[in-house]
1. With r as the distance between the Cβ atoms of Asn236 and Thr454 and R0 = 56 Å, compute the FRET efficiency 1/(1 + (r/R0)^6) and round to 0.05.
2. Would you calculate a helix-derived [θ] at 222 nm for the chain, using -39,500 (n - 2.57) for each DSSP H run of n ≥ 4 and dividing by the full residue count, to the nearest 500?
3. Order the peptides 440-450, 103-113, 287-297, 387-397 from the highest to the lowest mean number of other Cβ atoms within 10 Å of their residues.
4. Determine the gain in length on full extension of the stretch Thr185-Lys103; use 0.36 nm per residue of separation and subtract their C-alpha separation, reporting nm with one decimal.
5. Counting other beta carbons within 10 Å of each Cβ, put Cys417, Cys467 in order, fewest first.
6. Let me make sure I get this right: for the chain, a, b and c are the square roots of the gyration tensor eigenvalues over alpha carbons, sorted descending. Under 1.5 in a/c it's rounded, otherwise prolate if a/b > b/c, else oblate. Which is it?
7. Using the 10 angstrom Cβ neighbour count as an exposure proxy, how do His437, His167 rank, fewest first?
8. For Thr356, which sequence-distant residues (separation of 5 or more, or a different chain) have an amide H within less than 5 Å of its own amide H, given hydrogens modelled in the peptide plane?
Amino acid sequence: MILLTGSWSESTLKKEVPDRRSARQGVSKKTKRVVQRKLSKKYGSVVTIWLANTPVVIISGYEALKDTMIGLGEEFSGRADYPLIMKSTLGYGVLSTSGHRWKQMRKFSLTTLKNFGMGRRSIEERVREEAEYLVEMIKKCEGSAFSPADMLSNAVANVICSIVFGHRFEFEDPQFKFLLQTVNTYFAILSSPLGQLYNIFPRLVSLFPGKHNQLFKDLEEAREYCMLEAQARMNNVDPSCPQDFIEAFVLKMKEEKDKSDTEYHFDNLVSLVWNLFSAGTETTSSTIRHALLLMMKHPDVQERVQREIDEVVGKDRWPSIEDRQKLPYTDAVIHEVQRSMDLAPIAVPHKMMCDTEYNGYVIPKGTMVFPLLSSVLIDPKLWKNPNCFDPENFLDADGRFKKNDAFVVFGIGKRTCLGEALARTELFLFFTSLLQHFTFKARVPPEELDTKPTNCSFGRMPRTYECYAIPSI
Ligand code: HEM
């Protein structure tokens with residue numbers, strides 16, 4: 001929900017932005033995303049809208065996003081105080097923090113994720129293990145119709161669990177089910193009108209009954225679980241060989257226990273674990289879910305991917321990350337799924353760290369900023385065929401994979417997705433393993449399949465559906 005109630009006053013901005021009446025007319029007819037893009041087209045790359053009485057600056061277009069998020073990266077690196085996100089992290093961890101705390105937590109997370117990738121069991125191994133479980137689960141459906149949503153969430157969440165908690169869960173484990181259910185509800189509410197309303201009027205909405213109240217209780221219980229996991233490790237970590245993300249953090253806690261201003265404490269650990277679990281589950285699993293839907297909608301594309309996998313990988317071994325180079329069409333399809341679905345149209349809202357001048361505007365410290373990633377992902381100047389699903393967007397004339405800097409689905413600048421490397425590994429290995437083993441078919445003819453997302457706000461939630469998986473091995 002966007003309420004366009006006016007433009008910046010002269011005291012805050014040197015230049016004028018949208019006229020009140022024309023902006024309002026736009027909102028009544030179109031969805032938020034379309035409104036934002038239209039406004040940007042009409043008023044340029046810096047636009048101010050008002051969410052009730054809060055001004056929000058929208059930055060759109062590749063050049064403006066590069067200039068601000070990279071060129072003025074430090075200034076634009078804050079994270080907006082989004083009430084629903086704050087509710088789950090209490091201002092700790094990495095996703096919702098800014099400044100010193102954020103920098104410490106981000107550096108620690110990136111290094112630790114990288115180390116787990118290189119040491120002991122590689123991240124690739126963990127993903128492959130889950131891909132194998134997933135394929136087995138789907139085989140059990142024996143060709144009858146099923147909904148892949150939960151199976152995909154389970155598989156992706158288990159990869160994070162294996163990294164963070166050091167072990168995977170059985171799909172029926174009640175604790176695992178509870179954590180997943182909480183993440184699913186969290187994203188569903190975050191992307192719903194209720195979530196938008198809460199983000200604008202948190203105190204007021206808290207007074208009313210609704211799904212959000214149960215969610216808040218569940219979030220507390222999920223934090224409690226993470227806390228118990230951390231406490232259980234306090235006296236049981238081998239300093240030379242931490243086995244999981246929590247153990248690596250506990251070692252840092254011990255190392256810095258005499259520093260009064262240390263950021264290595266339980267509050268940060270619990271929120272960090274929640275950040276990884278929540279940001280890393282729904283995003284990746286719903287991308288794979290959408291990828292399968294697009295394969296059913298475009299059987300010719302599915303067939304070409306399967307042919308390529310057959311030629312390069314064959315049927316006798318599982319795909320590996322090394323195969324990616326040799327699977328340009330498949331790689332292009334995965335990129336195009338992500339580009340066309342535009343999962344996070346406004347990234348995660350940023351906040352100005354200090355008063356900053358950009359392009360003649362002075363944006364005050366603390367202002368909320370939406371980096372409009374959508375504006376780059378559908379810019380006709382940057383893509384061959386921006387408005388529909390077309391893997392050619394990532395292929396050159398010789399059929400080789402063609403990288404494009406405008407592929408900003410993971411964000412741009414200092415706050416880009418911390419799990420990008422993991423997400424890319426997961427998308428590639430899950431997608432190729434699934435198409436190596438099955439052909440996916442819808443319950444209705446392809447032309448009747450609707451591939452539009454169900455919710456369109458903070459995130460664009462792809463549809464759930466039932467399908468058939470016809471075994472090919
Ligand atoms: C298809 C999968 C994914 C997509 C499209 C995606 C996209 C994004 C985007 C757009 C942002 C915000 C960037 C910004 O604020 O400018 C973000 C942040 C983040 N993502 Fe992801 N993400 C994905 C998977 C993951 C995974 C697997 C993890 C877990 C390891 C993860 C963890 C995070 C975290 C912790 C942040 C906050 C980073 C910060 O504030 O510094 N994401 N992601």
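Just so it is clear, none of the values below were taken in a lab; they were calculated from the coordinates. Keep in mind it's a predicted model, so treat the numbers as computed, not measured. All Cβ positions, glycine included, derive from the backbone under ideal geometry; neighbour counts span all protein chains shown.
1. Between Thr454 and Asn236 the formula returns 0.80.
2. Only helices count here, giving -16000 deg cm²/dmol.
3. Averaged packing, sorted descending, gives the order 287-297, 103-113, 387-397, 440-450.
4. So the extension gain works out to 26.6 nm.
5. Cys417, Cys467
6. oblate
7. Arranged by neighbour count, lowest to highest, His437, His167 become His167, His437.
8. So Thr356 has HN proximity to Ile363, Lys365.
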